[in-house]
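J.: Before we start, here is the structure in question, set down as C-alpha cells.
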Amino acid sequence: MSRSRYSHLLCLGCLWKHVYIPTNHHINRRYSSVIAGQSEDFTVECGNEYAMPWAEFSDNCDDELEITSSVVSEGTCPEVVTYTWTATDNCNNSTTATVVVTIVDTTAPMWYSEGYSETVSCGSEYMVYEPYAYDTCSEVTYDSSMEVVAGDCPANYTEVYTFYAVDACGNAAEPLVISITYVDDAAPMWVSIPNSNEISCDATVPSDAPVAMDNCSEFTVEMTEEIIDGQCPNNYVIVRSWTATDACGNVSEPATVSYYIYDNTAPVITTELSDLNYECPVEIVPAEIAATDNCSDVSIESGVETIWMDECGNGYFMVYYLVSDACGNSTEASYYVNIYDETAPVLSETPENMVLACDEMLPEAPVVTAMDNCNGEVAVEFTEEIVGDMPAEGSIADCNILTPVRAEGNPCNYPYDWAMALFAMPSSHRWYQVSEGSLVQYPDGTIHVEATLVNAVNPANGFYVNVEFANGMDWAAWSTQAFPTGFKADCGGEAANHEDWMYYILQAGDGAELVGFGAYEGSAINLVHAPSNNYFGFQLGDGANNYNADDNGFGGWFTYNGVFLVDGQPIMSGNASGAGDFAFNLDCCPDYQVVRTWTAMDCTGNVVMHSQTISWEGSTDITPDQVTPGLETMEVSKGNIDIVNIYPNPSNMNTQIKVVSNIDNNIAVDVVDVTGRVIAKIYNGQVDAGVVYNFMLNSGELNNGLYQVRMSSSTEVVAKQLQVIK
C-alpha cells in the first residue's frame, strides 16, 4: 500500500484514477482522526459504463494514511459489487467507506439476422442455417422448432422454422421465424428413350418404353401410337409418343419413338431351274415356278427371249421370270433352252467294199436314201472318185508291163527271163527286163507301149521304149486278110488260145523307138514290124507273149536298125541291126480304186457319210499318199477318235478343244458352220495314240450362232456342237 502525502479521492473502476494524498504531511497520531467521504450507492445496467465509486479520507494528524481497498461481487441477476476502502493512520485509527453498485440485466438478446421466407423447388436441398443472437452481459441459450404446413398438392408444402434466444437473466429475444416453401413446378424428366429404328417388315416391333423420373412425386405415363402409311403396304411408320404427369399435374415433354417399317427383301424362288436341251424344234412354254416372300404375296411374270435362232429351228433361248412383292422388290431367274439337232441322218443302206475280178465290170451304184430324226427324208449326195493311177483317157485297157517268167522246161534255153531280146547283139547286150512300163489299148485298134527296159546283166543300162501299134483285129479278121497270116507259139506260148487273141502291126515312127540311157546313152534304134510280109502280128491275149502260158501277155517279132553305143563307143561297126522280140506279161487289173460316197446332211448340218471302196483283184497296191483323207468308211461313229471336251460351251472368248485318238493317226480338226462350210482349220497332222491334244480357238472372232467342231481321220468323222454367245 502506498501512501500519499496528500489526501486524495480514491476511485475503483476502469475509468477512474486514484488521487494520492501526499505522505510528507505528518499528523500526531494521538490527536488525529480519520474522516471519510464517499460516493453514493447506485444501480447500473450491465454493459453500460459507469463512474467508478470513490472514497476520500483525511486525518487531523497524519499526512500519510494507509489505505486498503477491496471489491466483492456477489450474485448474477442482479450482480452486487461492493467497493470497500479502509484508511488507517499512524496510530492505527481506521475508517471504512463502502459503495454498493448494483448491476442489473433487463435487456433481451438481439438477433444478428432477421427472419425471412424463401420459395424453392421441391426435391432441391435447401439448408436453413441457425441464426445467432448477441447479448451485452451474458451468454445466450437457443431453442428452435419446425412446423410443416401442407400445400395444395403432395409436393407443395412449407417448412416453418422458429428460433428462440434467452440470456442468463431470462431476458428472451423476439422469436425469429424462417419459412421455406417447397413448390413442385417441374415436370417429370425422361431418363432414357428407345432409339428410333428401321425394322424389316418381317421383324418384331420392339415393345420398349421410355423411362422417366420425377424430383418430387410419383407420376403416371400414357402412350399413344400412330401409323403413317408409306408408298406400299409393307412400308409404313409406327410413331409412339409417351407423356409423364406427376402428382402436381406437371406434364413432361412427349417422348417420341418412330419405327420405320420397310420391305427391301426380294422374293425367293423355291423352284430349282435347270437348262433344257432338245434335238428338234419345240414350243417353249415357261415352266411353273413357286416363290415366297417374307412379307407379302408375290406376282410372277415370265417370258421367252430368243438369243439366236437359225433357219432350221435350232436356237438358244432364255426363259426368264420376274417375281415381285407388294413393294416392288423383285427377283429374276432364268434357264436356257438349247434346241440343236446333233443327230445325223440315217442312210437306208451302207454298201460294203467290193473286190472285183480283173475283167469284171464296175457295177451300177445303188440308190441310197436317208431319213433324219427332225427333218424326215433328206437328200443324199452321191460322188464317185477314182483313187490311184488313172487309166489313160479314152482307153479300154491300161496294163502294167511285167517281165515274163520262162515257161516250164525253158523250151528255147533262154539264159534269163526277158521282156525284149535283140538277138543279133552280143549276149551281154541282148537280154532286157522291165523296170516299169505300160500298155494302153484303145478302142480304135491301136496300142501304145511306153516302158523302161534295163539290161538283164547290168540294170544300170537300158533303153527307153516308145512304140505304137495299129490295125488291131481279132482272129476272125486277122485270119481272113488278103495275105497269109498266122500266129507264134514256139517258146511256150499257149497256141490253143490264138483264136481269142488280138493281132496288131508295129508302126515305125519318125523317131527312134529305143533310146539308150546309162552306158547306152546316145544309142538310137528304130524298130520295124517283122516279118515284113506281116504273116505274124503282135499278139495280145492269154498265152500270147510266145514265151509262156501266162493269163495275159503281149509279144511279137520286129527288126531293128540304128546306132548302139556302149560308153559312147559303137558296137557292130556302128550299125546295129538284126531281129528282136517283145515278150510282155500284162497286169491289166485297174491300178486304182473307185470310191463311192453317199452324203446326207440335214438342215442343221449334221452329216452322215458312207464310202464304198471298189477294187480289182491283182491291182497294184495303192500308196497312202494317193488316198484322199476322209473318203474311206466315213460313217460317223465313236471308234478310234473322239472330241474329249469343248470348254467353255457356250463361249465368247478362247475355247479349249481336246481331242484324242486311240491309235497313231493322221487327223484334221476343223470348225464348220451350219452349212458345212469350214470357217477355221485348227489342226491337220499326226497324233500319237492315247495322247490328249489341246487346241485353242478364239471364239471371240466368230459371230453368234451354232457351229460344229469336226474331227476326222481317214476312216472316221466325229463332231460336237459349239455355241458362240456374246
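The values are calculated or read from the model by the stated rules, or taken from the named source; none is laboratory data. Values in this document were obtained by computation on a predicted structure and should not be read as measured data. Virtual Cβ from ideal backbone geometry, glycine too; neighbours counted across all protein chains shown. Remember, those area values only see protein heavy atoms, side chains included, never the ligands or the DNA or RNA. Shrake-Rupley method; radii C 1.70, N 1.55, O 1.52, S 1.80 Å.
J.: Among the listed residues T292, T306, T331, which satisfies the condition of being surrounded by fewer than 13 Cβ atoms within 10 Å (Cβ to Cβ) and at pLDDT 95 or above?
T.: Values: T306 fails: at pLDDT 95 or above; T331 fails: surrounded by fewer than 13 Cβ atoms within 10 Å (Cβ to Cβ).
So the residue among T292, T306, T331 that is surrounded by fewer than 13 Cβ atoms within 10 Å (Cβ to Cβ) and at pLDDT 95 or above is T292.
J.: Can you name the number of the only condition in (1) free of Cβ contacts under 8 Å to residues at least 40 places away in the same chain; (2) under 21 Å from I401 (Cα atoms); (3) charged (D, E, K, R) that E499 fails?
T.: (2)
J.: Hey, among the residues in segment 314-328 that are in a loop (DSSP other than H, G, I, E, B) and under 31 Å from the mean Cα position of the chain (by Cα), which one's surrounded by the fewest Cβ atoms within 10 Å (Cβ to Cβ)?
T.: Filtering segment 314-328 down to residues in a loop (DSSP other than H, G, I, E, B) leaves 314, 326-328.
Pick out the ones that are also under 31 Å from the mean Cα position of the chain (by Cα) and you get 314, 327-328.
Values: N314: 26, C327: 21, G328: 12.
The extreme case among them is G328.
J.: May I ask you to say which residue of Y560, Y535, Y592 is without any contact (Cβ under 8 Å) to a residue 60 or more places away in the chain and of a type outside the set (V, I, T)?
T.: One residue alone meets the criteria, Y535.
J.: Looking at segment 436-456, which of the residues that are over 13 Å from D398 (Cα atoms) and surrounded by fewer than 15 Cβ atoms within 10 Å (Cβ to Cβ) is farthest from the chain's Cα centre (by Cα)?
T.: Across segment 436-456, the extreme among qualifying residues is D444.
J.: To continue, here is another question. For a quick check of your reading of the model, give me the residue pairs whose first member lies in segment 368-380 and is touching a residue at least 12 places away in the same chain (Cβ under 8 Å) and farther than 8 Å from V346 by Cα, whose second is in a strand (DSSP E or B) and of a type in the set (G, A, S), with beta-carbon atoms closer than 9 Å and at least 6 apart or on different chains.
T.: V368/A600; T369/A600; V378/A370; V378/A600; A379/A370; A379/A600; V380/A370; V380/A600
J.: Hey, can you tell me all the residues within segment 337-392 that are farther than 14 Å from A600 by Cβ and of a type in the set (V, I, T)?
T.: V337, I339, V355, I386, V387
J.: With T655, T715 as the choices, which residue is β-branched (V, I, T) and either part of a loop (DSSP other than H, G, I, E, B) or modelled with pLDDT under 85 (or both)? Quick ask: steps written out before the conclusion?
T.: Details: T655 fails: either part of a loop (DSSP other than H, G, I, E, B) or modelled with pLDDT under 85 (or both).
The match here is T715.
J.: Additional query: Within segment 534-550, does at least one residue satisfy the condition of being of a type in the set (A, V, I, L, M) and in contact with a strand residue (DSSP E or B) (Cβ under 7 Å, 6 or more places away or on another chain)? Give the steps one after another, and end with the answer.
T.: Of the residues in segment 534-550, the ones of a type in the set (A, V, I, L, M) are 540, 544, 549.
Filter again for in contact with a strand residue (DSSP E or B) (Cβ under 7 Å, 6 or more places away or on another chain), leaving 540, 544.
Yes, the conditions are met somewhere in segment 534-550.
J.: Can you work out which of the residues in segment 563-580 that are open to solvent by 10 Å² or more (accessible area, probe 1.4 Å) and in contact with a strand residue (DSSP E or B) (Cβ under 6 Å, 6 or more places away or on another chain) is nearest to E408 (Cα to Cα)? Don't jump to the end; show me each part of the working.
T.: In the first step, residues of segment 563-580 are kept if they are open to solvent by 10 Å² or more (accessible area, probe 1.4 Å); the result is 563, 565-575, 577-579.
Narrowing the set further to residues that are in contact with a strand residue (DSSP E or B) (Cβ under 6 Å, 6 or more places away or on another chain) leaves 563, 577, 579.
Numbers: V563: 35, S577: 31, A579: 25 Å.
Checked segment 563-580; the qualifying residue nearest to E408 (Cα to Cα) is A579.
J.: Every residue in segment 699-714 that is open to solvent by 20 Å² or more (accessible area, probe 1.4 Å), over 28 Å from the mean Cα position of the chain (by Cα) and among the polar types (S, T, N, Q), please.
T.: Across segment 699-714, the qualifying residues are S712, S714.
J.: If I filter segment 378-422 down to residues being assigned to a loop (DSSP other than H, G, I, E, B) and in contact with a Gly (Cβ under 6 Å, 6 or more places away or on another chain), which single residue comes out as nearest to G541 (Cα to Cα)?
T.: Taking segment 378-422 and keeping what is assigned to a loop (DSSP other than H, G, I, E, B), we get 379, 389-396, 403-419.
Those still in the list that are in contact with a Gly (Cβ under 6 Å, 6 or more places away or on another chain) too: 407, 411.
On the way: A407: 16, P411: 20 Å.
Within segment 378-422, the match that is nearest to G541 (Cα to Cα) is A407.
J.: Any idea how many residues of segment 676-689 are open to solvent by less than 60 Å² (accessible area, probe 1.4 Å) and in a loop (DSSP other than H, G, I, E, B)?
T.: Step one: list which residues in segment 676-689 are open to solvent by less than 60 Å² (accessible area, probe 1.4 Å), which gives 676, 679-680, 682, 685, 687, 689.
Now narrow it down to the ones that are in a loop (DSSP other than H, G, I, E, B): 676, 689.
Summing the residues that are open to solvent by less than 60 Å² (accessible area, probe 1.4 Å) and in a loop (DSSP other than H, G, I, E, B) in segment 676-689 gives 2.
J.: For segment 225-243: of the residues being open to solvent by 80 Å² or more (accessible area, probe 1.4 Å) and not acidic (D, E), which is nearest to S200 (Cα to Cα)?
T.: Just the residues of segment 225-243 that are open to solvent by 80 Å² or more (accessible area, probe 1.4 Å), to begin with: 225-227, 229, 231, 233.
From what's left, not acidic (D, E): 227, 231, 233.
Details: I227: 15, Q231: 15, P233: 13 Å.
Here the residue is P233.
J.: While we're on this one: Taking the stated definitions as given, is P194 open to solvent by less than 30 Å² (accessible area, probe 1.4 Å), outside any strand (DSSP E or B) and either more than 30 Å from A108 (Cα to Cα) or touching a strand residue (DSSP E or B) at 6+ places or on another chain (Cβ under 9 Å) (or both)? Break it down stepwise before answering.
T.: Details: open to solvent by less than 30 Å² (accessible area, probe 1.4 Å): yes; outside any strand (DSSP E or B): yes; either more than 30 Å from A108 (Cα to Cα) or touching a strand residue (DSSP E or B) at 6+ places or on another chain (Cβ under 9 Å) (or both): yes.
So P194 fits the description; yes.
J.: Would it be correct to say that E393 is surrounded by 14 or more Cβ atoms within 10 Å (Cβ to Cβ) and either under 17 Å from E513 (Cα atoms) or over 60 Å from the mean Cα position of the chain (by Cα) (or both)?
T.: no
J.: Can you tell me how many residues in segment 165-176 are part of a strand (DSSP E or B) and surrounded by 17 or more Cβ atoms within 10 Å (Cβ to Cβ)? Walk me through how you get there before you give the answer.
T.: Narrowing segment 165-176 to residues part of a strand (DSSP E or B): 165-167, 172, 176.
Pick out the ones that are also surrounded by 17 or more Cβ atoms within 10 Å (Cβ to Cβ) and you get 165-167, 176.
Here the count works out to 4.
J.: While we're on this one: Would you check which residues across segment 521-562 are touching an Asp or Glu at 6+ places or on another chain (Cβ under 7 Å) and open to solvent by 60 Å² or more (accessible area, probe 1.4 Å) and list them?
T.: Within segment 521-562, N526, D542, D551, W557 meet the criteria.
J.: Considering (1) at pLDDT 90 or above; (2) open to solvent by less than 30 Å² (accessible area, probe 1.4 Å), say which one I663 fails and leave the rest.
T.: Every listed condition holds for I663 apart from (2).
J.: Every residue in segment 111-127 that is in contact (Cβ under 8 Å) with a residue 24 or more places away in the chain, surrounded by fewer than 15 Cβ atoms within 10 Å (Cβ to Cβ) and on the phi < 0 side of the Ramachandran plot, please. Don't jump to the end; show me each part of the working.
T.: The initial filter retains those residues of segment 111-127 that are in contact (Cβ under 8 Å) with a residue 24 or more places away in the chain, namely 111, 113-124, 126.
After this cut, where a residue has to be surrounded by fewer than 15 Cβ atoms within 10 Å (Cβ to Cβ) as well, the list is 113-114, 116-121, 123-124, 126.
Within segment 111-127, S113, E114, Y116, S117, E118, T119, V120, S121, S124, Y126 meet the criteria.
J.: Can you report the number of residues in segment 128-149 which are open to solvent by 80 Å² or more (accessible area, probe 1.4 Å) and part of a loop (DSSP other than H, G, I, E, B)?
T.: The initial filter retains those residues of segment 128-149 that are open to solvent by 80 Å² or more (accessible area, probe 1.4 Å), namely 129-130, 132, 134, 136, 139, 141-143, 146-148.
With the extra rule that they be part of a loop (DSSP other than H, G, I, E, B), the set shrinks to 129-130, 132, 136, 139.
Of the residues in that region, 5 qualify.
J.: Which numbered condition in (1) open to solvent by 40 Å² or more (accessible area, probe 1.4 Å); (2) within 22 Å of T597 (Cβ to Cβ); (3) of a type outside the set (A, V, I, L, M, F, W, C); (4) under 31 Å from the mean Cα position of the chain (by Cα) is the only one that Q656 fails?
T.: It fails just one condition, (2).
J.: So if I check each of G580, G543, which one is closer than 16 Å to C491 by Cα, assigned to a strand (DSSP E or B) and in contact (Cβ under 8 Å) with a residue 24 or more places away in the chain? So that I can check it myself, show each step before the final result.
T.: Details: G543 fails: assigned to a strand (DSSP E or B).
From the options G580, G543, the qualifying one is G580.
J.: Pick from segment 197-224 the residues that are open to solvent by less than 60 Å² (accessible area, probe 1.4 Å) and polar (S, T, N, Q): which of them is modelled with the highest pLDDT?
T.: At the first step, the residues of segment 197-224 found to be open to solvent by less than 60 Å² (accessible area, probe 1.4 Å) are 199-201, 203, 205-206, 209-210, 212, 214, 216-217.
Still in the running and polar (S, T, N, Q): 200, 217.
On the way: S200: 94, S217: 89.
Ranking the candidates gives S200 first.
J.: Looking only at segment 62-90, count how many residues are open to solvent by 50 Å² or more (accessible area, probe 1.4 Å) and either touching a residue at least 60 places away in the same chain (Cβ under 8 Å) or hydrophobic (A, V, I, L, M, F, W, C) (or both).
T.: Qualifying residue count, segment 62-90: 6.
J.: Just to check your reading of the model, which residue among E283, E272, E301 is free of Cβ contacts under 8 Å to residues at least 60 places away in the same chain, touching a Ser or Thr at 6+ places or on another chain (Cβ under 8 Å) and farther than 30 Å from V183 by Cβ?
T.: Of E283, E272, E301, the one residue that is free of Cβ contacts under 8 Å to residues at least 60 places away in the same chain, touching a Ser or Thr at 6+ places or on another chain (Cβ under 8 Å) and farther than 30 Å from V183 by Cβ is E301.
J.: Tell me, which residue of segment 244-273 that is part of a strand (DSSP E or B), open to solvent by 40 Å² or more (accessible area, probe 1.4 Å) and hydroxyl-bearing (S, T, Y) is nearest to M213 (Cα to Cα)?
T.: Here is the first cut: in segment 244-273, the ones part of a strand (DSSP E or B) are 244-246, 251, 255-262, 268-269.
Next, from what is left, pick out any that are open to solvent by 40 Å² or more (accessible area, probe 1.4 Å): 245, 251, 256, 260, 262, 268.
Retained after the next criterion (residues that are hydroxyl-bearing (S, T, Y)): 245, 256, 260, 262.
Details: T245: 10, T256: 16, Y260: 28, Y262: 33 Å.
By that ranking, first place goes to T245.
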